[in-house]
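This report refers to the structure that appears directly beneath it.
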Amino acid sequence: MPADPIQYWHRTKKTVETEKIYGERWLRWVYGTSTGRLALWLVVRRAWFSCYFGWRMNQAYSATKVLPFIVDYDLDVDEFAKSALAYRSFNEFFCRALKPGARPVAPGDHVAVLPADGRHLVFPNVDTADGFYAKGARFTLAELFGEAHLAADRRILAPQFAGGSLVISRLAPVDYHRFHFPVGGTARDPAPIGGWLYSVHPIALRRNLRYLVENKRMVTLIDSPRFGAVAMVEIGATNVGRISQLFVPGRLVAKGEEKGLFAFGGSCVITVFARGRIRFDADLMEQSAALRETYARMGEPLGVALRD
């Protein structure tokens, strides 16, 4: 058993499981030792480091890593949109699409769904939460939305979401790495925010939660008829220098519709609801109260609308 194991609640199996961490020794060295933290400050958090790694994962020889990765992490090849042998690079495999129906979307326009496969934490009131990933470790919505140095054409969002509800969805490298809309509505233009590329794994976040508000990210506002204003924030991380948006801004989107994808590496999606607009599902609430993530997949229920 690894030191300080990362455990989560598996929603389907209803068991507590220990995460098999991709690159665990490297993560623990970078974030847990003085020499590693020096390398983090000098090299690892910088965009060129992730760009170089991404370039390597786009080369033809990287395709040889696909089958061993599938075997090591017991991925279900039957849900892939194409054969595991057809990927021309590891990054093409990493950004893979799935077959239609592989992620059923919970019905009902009053039901919000999880935006991605991964490990999720929910907080009914972001202003009174005891901590994210660790007791007392918090960030403000103004920091999350990057409002300290707003461009003239950027809209201030934090007051609109004061006392709102927040979902942190962490995608590990082994997960399906496309993200989807949790609710239907009109999606506005994504706003990019520059930043570093720290890891968003709990090994890193338990030491410094502020990586989530210091990393490169994109903010999209969704106007939902049932849930009101909903903000989605996609956060890049080490070896995830590219966040691609695949939707057309300004038009109606359906719940569960594909929004975009991350390139190689672990990453994170944070979804914010306005105050009093959603009641999260009880199992997510129970596990999150103990600061334990819940593993669940895109399209599964997240919560229900509190207003018509």
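The values are calculated or read from the model by the stated rules, or taken from the named source; none is laboratory data. Keep in mind that this is a model prediction, so the values were computed, not measured. Cβ coordinates were reconstructed from backbone atoms using ideal geometry, including for glycine residues, and neighbour counts include every protein chain displayed.
Need pairs with beta-carbon distance below 8 Å; first residue in contact (Cβ under 8 Å) with a residue 40 or more places away in the chain and within segment 1-30, second surrounded by 11 or more Cβ atoms within 10 Å (Cβ to Cβ) and of a type in the set (Lys, Arg); sequence gap 6+ or separate chains.
GLN7/ARG292; TYR8/ARG119; TYR8/ARG292; TRP9/ARG292; VAL16/ARG292; GLU19/ARG119; VAL30/ARG37
Quick one: would you say GLY250 is touching a residue at least 40 places away in the same chain (Cβ under 8 Å), assigned to a loop (DSSP other than H, G, I, E, B), farther than 20 Å from VAL122 by Cβ and not basic (Lys, Arg)?
So GLY250 fits the description; yes.
Name every residue in segment 227-258 that is of a type in the set (D, E, K, R) and surrounded by fewer than 24 Cβ atoms within 10 Å (Cβ to Cβ), in order of residue number.
ARG242, ARG251, LYS255, GLU257, GLU258 - these are the residues of segment 227-258 that are of a type in the set (D, E, K, R) and surrounded by fewer than 24 Cβ atoms within 10 Å (Cβ to Cβ).
Suppose the filter is hydrophobic (A, V, I, L, M, F, W, C), more than 21 Å from PHE280 (Cβ to Cβ) and surrounded by 20 or more Cβ atoms within 10 Å (Cβ to Cβ); does VAL213 pass it?
Values: hydrophobic (A, V, I, L, M, F, W, C): yes; more than 21 Å from PHE280 (Cβ to Cβ): yes; surrounded by 20 or more Cβ atoms within 10 Å (Cβ to Cβ): yes.
Criteria met by VAL213.
Among the residues in segment 108-127, are any loosely packed, with under 12 Cβ neighbours inside 10 Å and either over 17 Å from TYR295 (Cα atoms) or touching a Ser or Thr at 6+ places or on another chain (Cβ under 6 Å) (or both)? Before the answer, list the steps.
Looking only at segment 108-127, we keep the residues that are loosely packed, with under 12 Cβ neighbours inside 10 Å, and these are none.
No - not one qualifying residue is present in segment 108-127.
Restricting attention to segment 37-62, and to residues there that are free of Cβ contacts under 8 Å to residues at least 40 places away in the same chain and under 15 Å from ALA263 (Cα atoms), which single residue is surrounded by the most Cβ atoms within 10 Å (Cβ to Cβ)?
Top of the filtered list is SER62.
Among (1) buried (at least 18 other Cβ atoms within 10 Å of the Cβ); (2) part of a helix (DSSP H, G or I); (3) out of contact with any Ser or Thr (no Cβ under 9 Å at 6 or more places or on another chain), which single condition is PHE132 missing?
All conditions pass for PHE132, except number (2).
Please work out which one of (1) surrounded by 22 or more Cβ atoms within 10 Å (Cβ to Cβ); (2) over 15 Å from ALA274 (Cβ atoms); (3) of a type outside the set (D, E, K, R); (4) out of contact with any helix residue (DSSP H, G or I) (no Cβ under 9 Å at 6 or more places or on another chain) is the condition THR186 fails and give its number.
(1)
Let's see how each residue does on (1) touching a residue at least 60 places away in the same chain (Cβ under 8 Å); (2) touching a Phe, Trp or Tyr at 6+ places or on another chain (Cβ under 9 Å); (3) closer than 28 Å to PHE94 by Cα:
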residue	(1), (2), (3)
VAL122	yes, yes, yes
THR128	no, no, no
ALA134	yes, no, no
GLU143	yes, no, no
ALA158	no, yes, no
PHE161	yes, yes, no
ASP189	yes, no, yes
GLY194	no, no, yes
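Exactly one of (1) under 30 Å from LYS65 (Cβ atoms); (2) surrounded by fewer than 19 Cβ atoms within 10 Å (Cβ to Cβ); (3) in contact with a Pro (Cβ under 7 Å, 6 or more places away or on another chain); (4) not small (Gly, Ala, Ser) is unmet by TRP196. Its number?
Checking TRP196 against (1) under 30 Å from LYS65 (Cβ atoms); (2) surrounded by fewer than 19 Cβ atoms within 10 Å (Cβ to Cβ); (3) in contact with a Pro (Cβ under 7 Å, 6 or more places away or on another chain); (4) not small (Gly, Ala, Ser), the one that fails is (3).
Quick one: is ARG275 at pLDDT 95 or above, at negative phi and out of contact with any strand residue (DSSP E or B) (no Cβ under 6 Å at 6 or more places or on another chain)?
Here the answer is yes, as ARG275 does meet what is asked.
Going by the structure shown, is THR238 farther than 18 Å from THR140 by Cα, of a type outside the set (Phe, Trp, Tyr) and at pLDDT below 95?
yes
State whether the residues of segment 154-161 include one that is out of contact with any Pro (no Cβ under 7 Å at 6 or more places or on another chain), part of a helix (DSSP H, G or I), modelled with pLDDT of 95 or more and closer than 17 Å to ALA274 by Cα.
Yes, because at least one residue in segment 154-161 is out of contact with any Pro (no Cβ under 7 Å at 6 or more places or on another chain), part of a helix (DSSP H, G or I), modelled with pLDDT of 95 or more and closer than 17 Å to ALA274 by Cα.
Would you check if PHE145 is surrounded by 14 or more Cβ atoms within 10 Å (Cβ to Cβ), modelled with pLDDT of 95 or more and in contact with a helix residue (DSSP H, G or I) (Cβ under 7 Å, 6 or more places away or on another chain)?
no
Counting just the residues of segment 262-304 that are under 23 Å from GLY23 (Cβ atoms) and basic (Lys, Arg), which one comes out surrounded by the most Cβ atoms within 10 Å (Cβ to Cβ)?
Among those that are under 23 Å from GLY23 (Cβ atoms) and basic (Lys, Arg), it is ARG297.
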